[in-house]
Amino acid sequence: MIAQRFADQVPQIRRYYQKDICDTVEGIKMYNKLLDAIGGDSITYNKAGYNLQGWNEDYYMSGKLLHRGYYIDGKVIVFKNFFENGQCERTVVNPDPLRCNMEIFYENGKPRKQIYYYNGLPQKKYEYFNNGLPKYIEENEKEMQYVTLKKNFYSNGQPQITLELTDEKIKKYKMSDYYPNGQLKSEGNLIYSSDKKGFLREGTWNYYDQTGKSKKSTKASSEDVITF
């Protein structure tokens, strides 16, 4: 009888098909709902109905490892997911209730995303093309009150748009726009307006052709609102 009760507390092995659980955009995200640090509000149980504790593994129908994580009271604290080909799909570390670090990979092993959460919100995000080149960068103030850095990239790795905080007090930014060949297209300053939920151009903006030669300079209009 005691042996039977112990067996009931052993996590039941679950098996999946990759096509059913792997989203083409978000990857294998079904375990995110068990992460307190990013707002997950679900709990998982063993087959006896108790909150899952300790190390747990899930598998593909083929028998290949899908997921291995450490659980406390039905919540996952640290885990790794795997594609059926054996490549790591993501690693997640939740060191405390406020912070969670997540690294996500393409099926070819190249990095796909790196996300650093603070107090349930994505404070820093880094995205990559499937060739490993950078695609997008966003960094925010600790409490997510305002952005401190944004960068978009072309698929060849050249910067497309950069937005960088230069004066924290007045929320002043420098914005630069680039051609695919890496030459600067335009540059100028922005001021963030919480009332208009966007950025207002400030001062003089400079524009260039694809060879880097200056084309014109214009005085910014205070009504010109830019959103990202």
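The values are calculated or read from the model by the stated rules, or taken from the named source; none is laboratory data. Just so it is clear, the model here is predicted, and its values are computed rather than measured. A quick note on method: Cβ atoms are made from the backbone with ideal geometry, for glycine too, and the neighbour counts reach across all protein chains shown. These area figures cover heavy atoms from the full protein model, side chains too; ligands, DNA and RNA do not enter into them. Shrake-Rupley method; radii C 1.70, N 1.55, O 1.52, S 1.80 Å.
For the range 64-192, take the alpha-carbon Rg, divide it by the Kirkwood Rh, and send me Rg/Rh. Write down the numbers at each step before the final one.
Working: Rg = 17.8 Å, Rh = 16.6 Å.
Result: Rg/Rh = 1.07.
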Q) For the range 101-110, in order, what is each residue's ³J(HN,Hα) by Karplus, 6.51 cos²θ - 1.76 cosθ + 1.60 with θ = phi - 60°, in whole Hz (x at glycine and Pro)? A) 10, 10, 10, 10, 10, 6, 5, 7, x, 6
Q) Roughly what percent of Cα-Cα pairs across the range 94-134 reach past 11 Å? A) 62
Q: Could you check the simple spin-label distance between residue 65 and residue 225, using points 7 Å along Cα→Cβ, in nm with one decimal?
A: 5.2
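Can you give the net charge of the other residues whose Cβ lies under 12 Å from the Cβ of residue 167, counting K and R as +1 and D and E as -1? Mind dumping the intermediate values first?
Details: positive: 169, 171, 172, 174; negative: 164, 168, 202.
Neighbour charge sum, excluding residue 167 itself: +1.
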(Q) So with the 1.4 Å probe, I'd like the accessible area per residue for the chain, rounded to whole Å². (A) 58
Q) Counting only residues 5 or more places away or on other chains, whose amide H sits under 5 Å from the amide H of residue 146 once H atoms are built in the peptide plane? A) 141
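Using a 1.4 angstrom probe on heavy atoms only, work out the carbon and sulfur share of the accessible area of the chain in %. Mind dumping the intermediate values first?
On the way: 6400 of 13250 Å².
Carbon-and-sulfur percentage of accessible area, whole number: 48.
Would you please calculate the Kirkwood hydrodynamic radius of the range 1-142 over all C-alpha pairs and express it in Å, rounded to one decimal?
Numbers: mean 1/r = 0.0621 Å⁻¹.
By the Kirkwood definition, the hydrodynamic radius is 16.1 Å.
Dipole size in debye (nearest 20) for the chain around its Cα centre, Lys and Arg Cβ +1, Asp and Glu Cβ -1? Provide the component values of the computation, followed by the final result.
Numbers: 34 positive and 29 negative charges, 74 e Å.
So the dipole magnitude of the chain works out to roughly 360 debye.
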**Q.** Cβ-defined net charge surrounding residue 125, 9 Å radius [Lys, Arg +1; Asp, Glu -1]
**A.** -1
Q. In debye to the nearest 20, how big a dipole does the range 18-102 give about its Cα centre with +1 on each Lys and Arg Cβ and -1 on each Asp and Glu Cβ?
A. 120
Q: Find how many whole Å separate the alpha carbon centroid of the range 107-147 from the alpha carbon centroid of the range 39-87.
A: 24
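Roughly how many debye, to the nearest 20, is the charge dipole of the range 90-200 about its Cα centre, given +1 on each Lys and Arg Cβ, -1 on each Asp and Glu Cβ, and no other charges? Kindly include the intermediate steps, with their values, before the conclusion.
Numbers: 18 positive and 14 negative charges, 30 e Å.
So the magnitude is around 140 debye.
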